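Participant: Please read through the structure below; I'll follow up with questions.
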Amino acid sequence: MTETLVRGEFARLAYRLGRSAATGVLTVTPQRGAAERFVLRRGYVMAADAAAPGPDAARRLARAAAFDRARWSFDGGTAAYPPGAVDRQVSLAAWSRAHLEAQVDSARAQRLVRELAGVRLALRPDLAPPPALCDDTDRRVLDAMRAPRRLDQIWPLARTPRFRLLTFLHFLHAVGAVEVHGVGAPRAREADPSARARRVLGVDGAADREAVKRAYRRLARALHPDLHPSASDERRARLARKFAEVSAAYRQLLGAP
C-alpha cells in the first residue's frame with residue numbers, strides 16, 4: 001500500500017514506526033528526485049555508513065522530512081540488512097523527537113503558549129514515548145498528563161524551565177500523543193461546529209479535502225476495532241467510541257453522508 005505525505009508529516013510517520021518497533025523497508029519517493037529507502041529493524045534505521053552511522057542516517061531522514069510531497073510505502077517483515085549493521089543503528093523515535101523539538105524557537109514557543117491557553121491536555125498512552133526515550137523531566141510531564149490539565153497546571157508538576165516543557169509538548173502534539181479535552185473559557189471560533197471536528201482529526205483551518213482525508217485514513221487505521229482482533233473487549237469498545245467520533249468529524253468536515 002502506498003500513501004501520500006506532505007511536508008511536516010514524515011516525522012510523525014517515523015515516530016510511529018519507531019514506537020511500534022517496526023521491522024521492514026520504508027521507501028519515501030518525492031515528486032522529483034531520488035527516493036530514500038530505509039531498512040528498519042525493531043524501530044531502528046540500519047545506517048549504511050559505518051564511519052558515521054548517526055550523521056548519515058540523520059541526514060537521510062532530514063532529507064525525507066524536507067520533501068514537499070512524497071509517496072511512502074512500508075514493506076513490513078523484511079529482516080535483511082547489511083552485515084554488522086546492528087552495531088550502527090539509529091532510533092527512529094529518538095530522531096523524530098530531536099527533529100521536532102529543534103523546530104521550536106522563542107517565537108514558536110510563544111505561539112504555543114497562546115494556542116494552549118485554557119486548553120486541557122491529556123496523554124494518549126498508546127502513543128506515549130517509550131521509556132528509553134524519557135528522562136526524569138519527561139516522566140514528570142507524562143505523569144502530569146495522565147489526567148487532563150491546563151498548561152499552567154502541568155508546568156509546576158514538571159519542575160522544569162518553561163521552554164523545555166514547551167519543546168516536549170510540541171513533540172508530543174506533533175506525533176499525535178496529546179488529546180484535547182476541553183477549554184477553560186469559550187472562544188468565538190468554537191461556535192463553528194467544524195472547529196471541534198478539525199481538532200478531532202488533528203488538522204488546522206487551512207487543511208484542504210485531501211489533507212482531511214489523509215488524517216481520517218491514518219486515524220481509521222489506528223482506531224478501527226476490526227484491525228485490533230487481539231485487543232480486550234474493553235479496549236475494543238474504547239476504540240469503537242473513538243472511531244465513531246473520528247468518523248463523525250470526517251463527515252462534518254467533508255459533508256459525507
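Participant: Return only the number of the condition from (1) under 17 Å from THR4 (Cβ atoms); (2) aliphatic (A, V, I, L, M); (3) without any contact (Cβ under 8 Å) to a residue 60 or more places away in the chain that LEU253 does not satisfy.
Facilitator: It is condition (1) that LEU253 fails.
Participant: So, one more: Within region 131-183, take every residue that is aliphatic (A, V, I, L, M) and in contact (Cβ under 8 Å) with a residue 60 or more places away in the chain and give me the one that is surrounded by the most Cβ atoms within 10 Å (Cβ to Cβ).
Facilitator: VAL175
Participant: Which one is surrounded by the fewest Cβ atoms within 10 Å (Cβ to Cβ), of the residues in region 102-114 that are assigned to a helix (DSSP H, G or I) and among the polar types (S, T, N, Q)?
Facilitator: Here the answer is SER106.
Participant: Also, I was wondering about something else. Look at region 11-40 and say how many of its residues are among the charged types (D, E, K, R) and over 17 Å from TRP95 (Cβ atoms).
Facilitator: Residues in region 11-40 being among the charged types (D, E, K, R) and over 17 Å from TRP95 (Cβ atoms): 1 in total.
Participant: Select from region 115-136 the residues that are part of a helix (DSSP H, G or I) and under 15 Å from the mean Cα position of the chain (by Cα) and write down the one among them that is nearest to ASP152 (Cα to Cα).
Facilitator: Filtering first and then ranking leaves PRO125.
Yes or no, residue by residue, for (1) under 16 Å from ALA102 (Cα atoms); (2) β-branched (Val, Ile, Thr):
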| site | (1), (2) |
| --- | --- |
| PRO148 | no, no |
| PHE171 | yes, no |
| VAL175 | yes, yes |
| VAL180 | no, yes |
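Participant: Working carefully through the options ARG32, ARG37, ARG71, find the one that is within 27 Å of ALA206 (Cα to Cα), at pLDDT 90 or above and surrounded by fewer than 17 Cβ atoms within 10 Å (Cβ to Cβ).
Facilitator: Among ARG32, ARG37, ARG71, only ARG71 is within 27 Å of ALA206 (Cα to Cα), at pLDDT 90 or above and surrounded by fewer than 17 Cβ atoms within 10 Å (Cβ to Cβ).
Participant: Now, a different point. Just need a number here: residues in region 238-257 that are in a helix (DSSP H, G or I), surrounded by fewer than 17 Cβ atoms within 10 Å (Cβ to Cβ) and among the aliphatic types (A, V, I, L, M).
Facilitator: 4
The values are calculated or read from the model by the stated rules, or taken from the named source; none is laboratory data. These numbers come from a predicted model, not from an experiment. Ideal geometry is used to build each Cβ from the backbone, glycine not excepted, and the neighbour counts take in all protein chains shown.
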